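Working notes for the structure below.
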Amino acid sequence: MEEKETPVRRKIIHIDMDAFYASVEQRDYPEYREKPLVVGGLPQGRGGVVATASYEARKFGIRSAMPSKQALQLCPHAIFVRPRFAVYKEVSKKIREIFSRYTDIIEPLSLDEAYLDVTVDKLSIGSAIDIAEQIKQAIKDELQLTASAGVSVNKFVAKIASDIKKPDGLTFIGPSSVEKFIERLPVDKFHGVGKVTAGKMKKMGLFTGADIKQLTEEQLISHFGKAGHFYYRIVRGIDNREVQPHRETKSMGAEDTFAYDLTTIEEMHTALEKITQIVYDRLLKYQLKCRTVTLKVKYSDFKQITRSLSFTECTNNKDFILNIAKQLLESTGIENSRIRLLGVTVSNFNNTAPKGKTPDQLKLFDI
């Protein structure tokens, strides 16, 4: 007889900054306040992409990852500014310093969000709700920014809860409410369920967590593969994942979308040199060496390919990585090609990131 798995109860807080990049810009530049602000690539040219939009801009339907040209069409009077990543990273560092007053068990997900395990907190406050409120107030008082918080017994519910009352919200889902909360949750609100999977679920008549709960674990696995294990447990409130303060770095990379198509090998090599320099700087920063280089190419017709090459010895030699990237590019048959995007990613590292350092996501917006 299979032993029934039971939930592990922890005190988990998920903190998510509100429109982080845009809020920092509005804080630093009063002329942007209460106006639709878009941080990302500029709409001129062709390759601009929205990184973050202020809440004033979101009212017009502007969202992250949307082409900047489309954002401009939705809101012709929107203000577009380029990202200032160095500033955002410095603010993020100060936010994490606030977190560390309460716990050392912090798992950063990006510059603007993190999980905190406060099952045992440094100040012996005891209440995760009180800790979340104090963190939010400290961020507001010290950094003039707002954050939203989700508080619950596991990571899955805490993350979803942080999005319920944005901006500047706090939502608590207690132990006795977790399972019913998930039962009522629409499938497209499940963290980790993308549009394709959500569409498949709806075609099967699965619209909420309660619907998923009607299926056996075997049925879920047959329809959704390994994810079926997760769905079966999560709709029963079971998410025993720990907050991981030092997550293993799997890969790191950078990419650039160009304002015009690259058509010559000289242009492509120059672009690769710029991108590889960023990757190299990050390898040095996190004291890593890689065994695999992956090249990403997107053509003018939006066709996209990737090519990878692995080697036996770890390296962080910039020239070596650049030469590999150039070889991979030439192996794609670039004669008469028109390229709109190039990217370089390195992986298969010799060790994990040093203690206290978690690489942030990085993309180029130099358009």
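Below is a table of values for the structure above.
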| item | result |
| --- | --- |
| Residue 121 being modelled with pLDDT of 95 or more and part of a helix (DSSP H, G or I) | no |
| Residues of region 211-229 satisfying the condition of being closer than 15 Å to residue 197 by Cα and touching a helix residue (DSSP H, G or I) at 6+ places or on another chain (Cβ under 6 Å) | 212, 220, 221, 228 |
| Failed item in (1) closer than 18 Å to residue 246 by Cα; (2) of a type outside the set (A, V, I, L, M, F, W, C); (3) without any contact (Cβ under 8 Å) to a residue 12 or more places away in the chain, with residue 73 passing the rest | (1) |
| Region 98-116, residues that are over 25 Å from residue 85 (Cβ atoms) and either of a type outside the set (Asp, Glu) or buried (at least 22 other Cβ atoms within 10 Å of the Cβ) (or both) | 101, 102, 103, 105 |
| Any hit, region 8-18, residues being over 21 Å from the mean Cα position of the chain (by Cα), at pLDDT below 95 and not β-branched (Val, Ile, Thr) | yes |
| Matching residues in region 160-188 - criterion: being closer than 21 Å to residue 7 by Cα and of a type in the set (D, E, K, R) | 179, 180, 183, 184 |
| Residue list for region 33-70, filter: basic (Lys, Arg), closer than 27 Å to residue 143 by Cβ and touching a residue at least 60 places away in the same chain (Cβ under 8 Å) | none |
| Enumeration of residues in region 329-348 that are part of a strand (DSSP E or B) and out of contact with any Asp or Glu (no Cβ under 7 Å at 6 or more places or on another chain) | 344, 345, 346, 347, 348 |
| Among residues of region 88-119, those that are hydrophobic (A, V, I, L, M, F, W, C) and within 18 Å of the chain's Cα centre (by Cα), counted | 7 |
| Test: residue 345 is closer than 21 Å to residue 249 by Cα, over 25 Å from the mean Cα position of the chain (by Cα), buried (at least 16 other Cβ atoms within 10 Å of the Cβ) and among the β-branched types (Val, Ile, Thr) | no |
| Odd one out for residue 211, checked against (1) in the same structural domain as residue 131 (by TED's automatic domain parsing); (2) over 24 Å from residue 15 (Cα atoms) | (1) |
| Helices (runs of 4 or more DSSP H) contained in region 164-238 and holding at least 2 residues surrounded by 14 or more Cβ atoms within 10 Å (Cβ to Cβ) and touching a Gly at 6+ places or on another chain (Cβ under 6 Å) | 178-184, 217-224 |
| Residue identified as surrounded by fewer than 16 Cβ atoms within 10 Å (Cβ to Cβ), within 24 Å of the chain's Cα centre (by Cα), among the β-branched types (Val, Ile, Thr) and not assigned by TED's automatic domain parsing to the domain that holds residue 42 among 312, 306 | 306 |
| Hey, residue 324 of a type in the set (A, V, I, L, M, F, W, C), within 23 Å of residue 41 (Cβ to Cβ) and either part of a strand (DSSP E or B) or touching a Leu at 6+ places or on another chain (Cβ under 8 Å) (or both) or not | no |
| Residue check, residue 112 touching a residue at least 60 places away in the same chain (Cβ under 8 Å) and acidic (Asp, Glu) | yes |
| Identity of the residue in region 256-295, buried (at least 18 other Cβ atoms within 10 Å of the Cβ) and either in a strand (DSSP E or B) or free of Cβ contacts under 8 Å to residues at least 12 places away in the same chain (or both), that ends up farthest from the chain's Cα centre (by Cα) | 262 |
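The values are calculated or read from the model by the stated rules, or taken from the named source; none is laboratory data. Computed from a predicted model, the values in this text were never measured in an experiment. Cβ sites come from the backbone with ideal geometry, for glycine too, and all protein chains shown count toward neighbours.
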